[in-house]
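As structure tokens, the structure follows; a few thoughts come after it.
Throughout, read-outs are computed from the coordinates displayed, never taken from laboratory work. The structure displayed is predicted, hence computed values, not measured ones. When we count neighbours, we look across all protein chains shown, and the Cβ atoms used for this are built from the backbone with ideal geometry, even at glycine.
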Amino acid sequence: MRSTILFLVLFVLAAAPASAQFAFAPSAVDLTGEWAPRVYNTHMDIGDYTGIPLNDEGRLRAQSWHPDQLDMPENLCRPHPIDIGLRVSVSQLRISTELDPETRQPVGLRLHVWWQEPEQVIYLDGRPHPSPHAPHKWSGFSTGWWERNTLVYRTTHLKEAYLTRTGVPKSVKAEVTTRVHRYGNLLTIVFIIHDPAYLTQPYIRASSWVLDPNQVIPPFPCEITPEGTIVPAGKVPNFLPGQNDVLRDFPTEYGIPFESALGGAETLYPEYIKTMKTLKVAPRTTTTHYRRTQ
Amino acid sequence: MERRVVLLAAAATLLLSVHVEGQGRGGAAQNAPPATARTGAAFDMTGYWVSEVTEKWRFRMLVPDKGDYQMVPLNPEGRKVADAWDPTRDQASGEACRSYGAGGLLQVPGRLHITWQDDNTLRMDTDSGTQTRLLHFGGSPPPNTEPSWQGYSAAVWGGAEPRDRRDGFGGPAQDATGRVVVLPAQRKEADYLRVTTTRMRPGYLQKNGVPYSANALLEEYFDTFSDAYTKNTWLSVTTVVTDPQYLVEPLIMHAHFKKLPDATGWDPTPCRADEPR
């Protein structure tokens, strides 16, 4: 009898944390609602890889990218993965509770962004990630947990996409850890992008939103023009290695050494300011730049 | 035998409740306010940190050209001031520290050294510009405080407000005497450090003279985390600058710092109007 009772006690103690692990983790803070972006974009220029810990392979892919690729029919309505979708300037964001379609019980959170309407479900019910061989999707597969009052989630199974809107690549091997902080009516999302194919170290960047309960996110209709309308049919605009003739425009305009504009982990730290002084800068063509805030 | 069963069941219940309570800092002890800011710290910010510049790189690692304020919501008055920026004049007139004021300091690439000056004051030294910020917990600016580059910073461990009704933990509760109380289940752990800074001397948001005024309000939110890939510890900062004199809307900036094991690389510099750091 005694051993039976002890067994029962031990079973209860052991089972408690295990069962909690597979239960839906209630939110520590309420993240749901409408969030208006306060996004100040960088990397709007071709050849601007500054601050990105790119490796040589990533740099080569980035340099082969041609802006006309955006006008190819298959790319016109191509969704952004949500980590880049949240970075563009029109990233009105809605966060809602995700319910299981059968039980109507909460299983996580759903993020919806206006531009190209990417959707991301963050499962908070302890389910595992699918097999590495499972299909990759634009917003991947995400599971989350709470660290103090911060929502943290890991996204795998992402399709190949971009880190910037100017062709810096992110590979199919990439995964992203995202941290969502609510500071009162301010939301800050920190992305930690790990890409063993194109980055030498995790790439960290952040964006913020403000609570806007009256925000209306309109539909995002996207029409694909027939093949050949903008880009000649059968062509994939690109630059062959060493033939990108616009690559030096960005560093020349802003007085940056060409090598520094190509990014790399060593360029991210204060010491690099001294290194830059030893590098050659192309003669300036202008010191007046397009003022996007005006 | 029956007594033994009851005792064992009671012991199990007690152990289980301790286990559940141990998941957080709940319970009666949690309701008691910490004696000092240091003992109540939500996380440890002390140590050496180096900025990792992954965003706004050309605005931070270089001195941008005059008039290059693409991502700052300046109003016409702010643009007028920014367009009149003259680093030579700043250097000569003793205003070289304008870009090292609290409003722009954490955007300047460099290292931080954070220590507890006392139990309720967090001290932040920077090698760039050799500045010191003091983050005062539980304090308010003494009357007649003279404006300074770093102003007066009031700090609080934020995010510990009671859960709201939408979290499913219920709204305010009342005790038997009718007082509004926070139930243990409604209590949240402190999550971040919130710092509000006022009484700053006019300074620059960027090295190229993009201004904030003496009336600016600086709100900062600090958090630390470890990334799963490198296991590095990071300090992330979200900065909100509200300044109706020069900005059409609050400017939100971000910076993050990687933790260092020691002071290696600490490189104190004076304030310089024509250098990135």
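A few points about this structure:
- Neighbouring partner chain Cβ atoms per residue of B:62-68, average, 10 Å criterion: 5
- Projected label distance in nm at B:ALA154 and A:ARG110, using a 7 Å step from Cα toward the beta-carbon: 4.2 nm
- Per residue, the average separation of C-alpha pairs within less than 8 Å and at least 6 apart gives chain A a relative contact order of 24 percent.
- Mean partner shielding of peptide A:256-269, defined as the number of other chain Cβ atoms within 10 Å of each residue Cβ, is 3.
- Here's how it looks for B:LEU260: its modeled amide H is under 5 Å from those of B:TYR48, B:TRP49, B:VAL50, which are all 5 or more places away or on a different chain.
- Charge dipole (Cα centre; +1 on Lys/Arg Cβ, -1 on Asp/Glu Cβ; no other charges) of the protein assembly as shown amounts to roughly 760 debye.
- Summary of packing: across the peptides A:217-230, A:167-180, B:240-253, the per-residue average of other C-beta atoms within 10 Å ranks them, highest first, as A:167-180, B:240-253, A:217-230.
- Distance between segment B:125-156 and segment A:141-177 - C-alpha centres, whole angstrom: 37 Å
- Phi angles across segment A:182-190 convert, under the Karplus curve 6.51 cos²θ - 1.76 cosθ + 1.60 with θ = phi - 60°, into 3J(HN,Hα) values of 10, 10, x, 9, 10, 10, 10, 10, 9 Hz, Gly and Pro given as x.
- Per-residue ³J(HN,Hα) for segment B:225-241, Karplus 6.51 cos²θ - 1.76 cosθ + 1.60, θ = phi - 60°, Hz, x for Gly and Pro: 7, 10, 8, 6, 8, 9, 6, 5, 9, 10, 10, 10, 10, 10, 10, 10, 10
- Under the criterion of Cα pairs below 8 Å and six or more residues apart, the relative contact order for segment B:101-164 equals 25 percent.
- Restricting attention to chain A, lysine pairs at least eight places apart or on different chains and with alpha-carbon atoms under 23 angstrom apart total 7.
- Max mean-square fluctuation residue, GNM over chain A, Cα-Cα springs under 10 Å, options A:ARG148, A:ARG61, A:ARG110: A:ARG148
- Chain A - mean residue ellipticity at 222 nm from DSSP helices (-39,500 (n - 2.57) per run, n ≥ 4, rounded to 500): -4500 deg cm²/dmol
- Subtracting the Cα-Cα distance of A:ILE230 and A:TRP146 from their residue separation scaled by 0.36 nm leaves 25.5 nm.
- Rounded to the nearest 0.05, the FRET efficiency derived from the C-beta distance between A:THR32 and B:VAL248 at R0 = 22 Å is 0.15.
- Shielding value for B:41-54 is 3, the average number of Cβ atoms from other chains within 10 Å of each residue's Cβ.
- Angle between chain A longest axis and helix A:2-21 axis [Cα atoms, degrees, rounded to 10]: 30 degrees
- Extending 7 Å from Cα along the Cβ direction at A:ASP249 and again at B:GLN117 yields two label points whose distance is 5.0 nm.
- Table column - 3J(HN,Hα) (Hz), segment A:65-81, Karplus curve with 6.51, -1.76, 1.60, x for Gly and Pro: 6, 10, x, 5, 4, 5, 8, 6, x, 6, 9, 4, 10, 5, x, 7, x
- Spin-label pair A:VAL90/A:MET276, simplified geometry with 7 Å Cα→Cβ offset, distance in nm: 3.2 nm
- A Förster distance of 56 Å, applied to the separation of the beta-carbon atoms of B:THR177 and B:ASP262, puts the FRET efficiency at 0.55.
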